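Working notes, beginning with the structure itself.
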Amino acid sequence: MLKTAGAEALIAAVRAVDGGGRWFSPGLGIEGPRCRPQESLSKREREVLTRLAEGQPMAEIAAALGVSVKTVETYRRRLMEKLSIEHITGLLVYALRHGYLRLDALTGVD
């Protein structure tokens with residue numbers, strides 16, 4: 001977003017990002033997909049996201065999926081890149097907000 005953008009553009013950007021989308025100020029020369037990031041996740045990425053959010057260790061995820069730990073690490077890195085998340089805690093928050101994980105599943109409370 002450009003510093004010179006007006007209030008309307010700022011509001012539109014906040015709404016787009018809050019809804020899981022992306023926003024680029026016109027004139028930046030950046031044209032990206034306007035879809036929600038979760039729509040770009042593969043089935044396997046969603047599965048890895050869910051397992052990570054549930055707190056499963058990398059080795060356990062790798063064994064369950066029949067892949068190496070390095071492959072699971074690659075999925076985690078790609079998830080973080082696609083979703084613009086900088087910390088692993090952000091994946092948990094994302095998973096909770098987008099229905100990949102329910103809080104009661106973590107606490108055992110219905």
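The values are calculated or read from the model by the stated rules, or taken from the named source; none is laboratory data. Owing to the predicted nature of the structure, the values given are computational and were not obtained by experimental measurement. Reconstructed Cβ throughout: ideal geometry from the backbone, glycine too, with neighbour counts over all protein chains shown.
Do you know which of the residues in the stretch 65-94 that are crowded, with 16+ Cβ neighbours inside 10 Å and under 20 Å from Val17 (Cβ atoms) is nearest to the chain's Cα centre (by Cα)?
The residue in question is Leu83.
Being at pLDDT below 95 and not assigned by TED's automatic domain parsing to the domain that holds Gly99 is the requirement here; does Gly55 meet it?
no
Going by the structure shown, is Val48 surrounded by 13 or more Cβ atoms within 10 Å (Cβ to Cβ) and over 25 Å from Gly21 (Cβ atoms)? Working first, answer last.
Details: surrounded by 13 or more Cβ atoms within 10 Å (Cβ to Cβ): yes; over 25 Å from Gly21 (Cβ atoms): no.
Considered against the rule, which asks whether it is surrounded by 13 or more Cβ atoms within 10 Å (Cβ to Cβ) and over 25 Å from Gly21 (Cβ atoms), Val48 comes out as no.
Only residues in the stretch 47-65 that are closer than 11 Å to Tyr75 by Cα count as the first member; pair them with residues that are at pLDDT 95 or above and surrounded by fewer than 16 Cβ atoms within 10 Å (Cβ to Cβ), Cβ under 6 angstrom, at least 6 apart or cross-chain, and list the lot.
Short answer, once both residue conditions are applied: Met58/Val69; Ala62/Ser68; Ala62/Val69.
Return the total of residues in the stretch 55-64 being surrounded by fewer than 16 Cβ atoms within 10 Å (Cβ to Cβ) and under 20 Å from the mean Cα position of the chain (by Cα).
Of the residues in the stretch 55-64, 2 are surrounded by fewer than 16 Cβ atoms within 10 Å (Cβ to Cβ) and under 20 Å from the mean Cα position of the chain (by Cα).
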